[in-house]
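Just below is one structure, and these are the notes that go with it.
The values are calculated or read from the model by the stated rules, or taken from the named source; none is laboratory data. What you are looking at is a predicted structure, and each value in this text was computed from that prediction instead of being measured. Note that each Cβ is placed from the backbone with ideal geometry, even for glycine, and that neighbours are counted across all protein chains shown. For accessibility, only protein heavy atoms count, side chains too; no ligands or nucleic acids. Shrake-Rupley method; radii C 1.70, N 1.55, O 1.52, S 1.80 Å.
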Amino acid sequence: MDDQSPARREPGPAPMRASDAEREAAVERLRVAVGEGRLTLEELTERTEAAYLARTRDELARITDDLPADTAPAAPARTGEPVRLFAVMGDTVRKGVWSADGPVQAFAVMGDVTIDLCDAQVGSDTVEISAAALMGDIKVIVPEGVAVELEGVTVLGDKRDDTSAAPTPAGQARPRVRVRAYTLMGDVKVRHPKVPRKRRGHFRFGR
């Protein structure tokens, strides 16, 4: 009797492992995309994390496959005009998709200013914020994974970083928000969204 068993399939080639240099190149493409307005700060955070965790070239390719091919010299980061937000005995909120190409300046006088950076289009991987609160409150909302630097002077007030970003591993870069706070009987606070977005188990970008 002839052997009717199916032919044994030969295993395909193993996925090619990604190198540290290739991960850094992918992260640099993400930074350029942010400067061009193609990614938001939250997308930059998620994709940067995924790039550093990628083990194969295929995983890196999925992170950047909806971005233009890296064939031209990197465009310089955009440097827009300052974004000025004022609240005088009232509330001012900036959220959703908005342009934060330049420095952000917030002033609260017996009022509240809320700056939500989760969907902001930024000109680089560092956002500079100057926050002055006089008998008022300024809240800065950042995506998870963003590094926060909070400094400044408080008089009969408070400045507080309530984020939970882990220390940055040596040799790796993360999106950064730098806040300089000046308060007089007021508060400046940095925190994550109250309802965090559901993290995806696998990063898939593009169509």
Rough spin-label spacing in nm, given labels placed 7 Å along Cα→Cβ, for residue 126 and residue 21: 2.7 nm
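Give the ranking of 47, 62, 176, 55 by solvent-accessible surface, highest area first, calculated with a 1.4 Å probe.
On the way: 47 10, 62 105, 176 70, 55 140 Å².
Accessible-area ranking of 47, 62, 176, 55, largest first: 55, 62, 176, 47.
Would you kindly state how much longer the chain becomes between residue 105 and residue 88 on full extension, computed as 0.36 nm times their sequence separation minus their alpha carbon distance, in nm to one decimal?
Values: separation 17, 0.36 × 17 = 6.12 nm, distance 1.43 nm.
Here the segment from residue 105 to residue 88 would lengthen by 4.7 nm.
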Whichever aspartates and glutamates have a C-alpha closer than 13 Å to that of residue 189, once near sequence neighbours (fewer than 8 apart) are set aside: 112, 116, 137, 149, 151, 158, 161, 162
Highest-first arrangement of 31-37, 95-101, where packing means the average Cβ count within 10 Å: 31-37, 95-101
Linear extension gain, residue 56 paired with residue 158, 0.36 nm per residue minus alpha-carbon span: 32.2 nm
